[in-house]
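Beneath this line is the structure, given in structure tokens, with notes to follow.
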Amino acid sequence: MAARINKKRSFLFVSKVLGKHIPVGPYTPLLSGAALALLLYLEMSGDTADREVMDPLMNQAVHGLIHPEYAEEAYHALLAARLALPEPVLFIGFAETATALGHSMYNAFAGGASYIHTTREMIPELESVVTFVEEHSHAMDHLCYALDASLLSGTEPVILVDDEITTGNTAVNIIRDIQSKFPRREYVVASLLDWRSEANIQAYRELEQELGIRITALSLLQGSIKVEGVPLLQPAADNGAAATTGAELVTTYVRDGLERLPVTSVDAQGVINPAAYLKLSGRFGLKSADNVQLDAGVSRVAEQLRSLREGSRALVMGVGEFMYLPMRIAAEMGGGVLYQSSTRSPIHPERRADYGVHSAAAYPSAGDTEIMNFIYNVDPGQYDDIIVLLEREVPRQRIAPMTDILQRLAGNKVHLVVLSSEPDTGGSGL
């Protein structure tokens with residue numbers, strides 16, 4: 001547990017399997033999504049599922065989540081099962097925390113699946129096909145940019161993926177918006193944790209009756225919570241765990257061979273970043289047929305990054321919504337590599353054994369300087385090398401606040417890795 005600095009919700013469950021606030025082995029968060037995929041397979045396949053095969057797989061997945069040293073084996077066993085659902089499905093992962101969780105869940109199926117994650121980035125050239133509000137969040141509006149208009153226009157079940165369901169209100173909001181534009185019969189809400197009260201569960205039932213739909217909830221852990229006390233509203237960062245000397249910063253452009261989408265982003269001040277986005281990151285939608293290309297890109301980058309490591313302890317970092325590809329790349333970089341992502345969630349740090357966030361460092365987001373980002377639970381010298389993966393170029397002055405902090409934390413070097421479809425030609429940003 002940790003205390004959120006948020007008037008609307010004062011607490012946070014700090015996940016040991018998500019790869020956001022706590023550094024984890026990269027196969028652990030990949031396995032958490034794959035385990036949810038297996039739950040969905042069992043739910044949708046019903047009596048046709050081979051329980052003699054699937055039950056041992058689920059037991060292996062749970063064992064791997066509890067004991068991280070077995071996560072890689074369990075993850076590969078689930079992928080090898082080549083799960084196939086009886087009908088096509090659309091997965092939607094919620095930004096920013098569940099972008100990788102949703103992608104990993106989708107990726108566990110051998111075919112017949114599509115995926116998109118919501119985003120909070122403003123892309124002027126594109127129109128959001130779904131817009132909804134996350135009421136308890138410090139960052140409320142979700143956008144959804146589907147390049148293929150048919151991605152949401154069918155009648156297939158929609159699988160909404162979030163790391164934690166507390167009230168279920170976010171799912172209710174997106175279901176209402178989808179149903180008003182792209183009506184269908186079935187929704188599934190999948191999460192690592194489900195803390196809904198009886199009143200919240202009843203709200204799902206009432207929505208089913210109102211809209212003539214079916215909503216199924218799936219989770220790895222379900223229970224009830226009671227929250228007492230008041231929110232902590234003081235600054236989240238201590239920024240005090242500074243090393244006496246700064247690690248070297250090295251910027252590297254790495255060719256992934258993946259297609260780019262030539263659109264721009266604009267921040268709250270109207271500042272435009274013209275750098276192209278990765279087309280298959282999940283933000284713009286993808287289908288099972290795209291996975292081979294994405295897998296090849298991941299392996300290509302991981303092979304190049306293995307040579308960057310000089311020490312035995314390395315941390316690979318994603319940034320904000322860009323979590324899944326860095327997670328996958330970290331998983332293919334060999335032993336001694338942990339993974340986590342920066343986050344915009346403000347959390348109060350406290351060095352106590354039974355508390356989830358021991359250290360915090362805050363800095364203005366490279367994507368929007370009015371938004372604070374945070375790096376949690378990384379101490380000076382804990383890693384020899386910190387490798388940060390960026391989806392697209394950003395101006396040096398915007399990324400400097402983050403790299404300054406990382407240089408104080410890394411024992412040896414900070415590698416700022418910019419993914420590129422072509423070899424570096426110099427660039428105008430980094």
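Per-structure values
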| quantity | calculated |
| --- | --- |
| Boolean, A331 is touching a residue at least 24 places away in the same chain (Cβ under 8 Å) and open to solvent by less than 40 Å² (accessible area, probe 1.4 Å) | yes |
| Residue within the stretch 52-64 that is in contact with a helix residue (DSSP H, G or I) (Cβ under 6 Å, 6 or more places away or on another chain), modelled with pLDDT under 95 and either charged (D, E, K, R) or outside any helix (DSSP H, G or I) (or both) present | no |
| Some residue of the stretch 97-120 being over 23 Å from M44 (Cα atoms) and surrounded by fewer than 20 Cβ atoms within 10 Å (Cβ to Cβ) | yes |
| Yes/no for T99 being at pLDDT 95 or above, in contact with a strand residue (DSSP E or B) (Cβ under 9 Å, 6 or more places away or on another chain) and among the polar types (S, T, N, Q) | yes |
| Selection within the stretch 142-184 - open to solvent by 30 Å² or more (accessible area, probe 1.4 Å), out of contact with any helix residue (DSSP H, G or I) (no Cβ under 8 Å at 6 or more places or on another chain) and among the β-branched types (V, I, T) | T155 |
| Single unsatisfied condition, A3 versus (1) of a type outside the set (S, T, Y); (2) in a strand (DSSP E or B); (3) in contact with an Asp or Glu (Cβ under 7 Å, 6 or more places away or on another chain) | (3) |
| Of all residues making up the stretch 156-208, the number that are under 20 Å from the mean Cα position of the chain (by Cα), of a type in the set (S, T, Y) and either farther than 20 Å from G19 by Cα or modelled with pLDDT of 95 or more (or both) | 2 |
| Members of the stretch 288-347 that are closer than 23 Å to T251 by Cβ, among the acidic types (D, E) and in a helix (DSSP H, G or I) | E303 |
| Every residue from the stretch 6-63 that is within 30 Å of M372 (Cβ to Cβ), small (G, A, S) and buried (at least 24 other Cβ atoms within 10 Å of the Cβ) | G19, S32, G33 |
| Qualifying positions in the stretch 359-409 - in a helix (DSSP H, G or I), of a type in the set (A, V, I, L, M) and either in contact (Cβ under 8 Å) with a residue 24 or more places away in the chain or open to solvent by 40 Å² or more (accessible area, probe 1.4 Å) (or both) | I399, M402, I405, L406, L409 |
| Some residue of the stretch 69-88 being out of contact with any strand residue (DSSP E or B) (no Cβ under 8 Å at 6 or more places or on another chain), closer than 25 Å to E332 by Cβ and of a type in the set (K, R) | yes |
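The values are calculated or read from the model by the stated rules, or taken from the named source; none is laboratory data. What you see is a predicted model; the values in this text were computed from it and never measured. FYI the Cβ positions are ideal-geometry reconstructions off the backbone, even for glycines, and counts take in every protein chain you see. Side chains included, ligands, DNA and RNA excluded: accessible areas come from the protein's heavy atoms. Shrake-Rupley method; radii C 1.70, N 1.55, O 1.52, S 1.80 Å.
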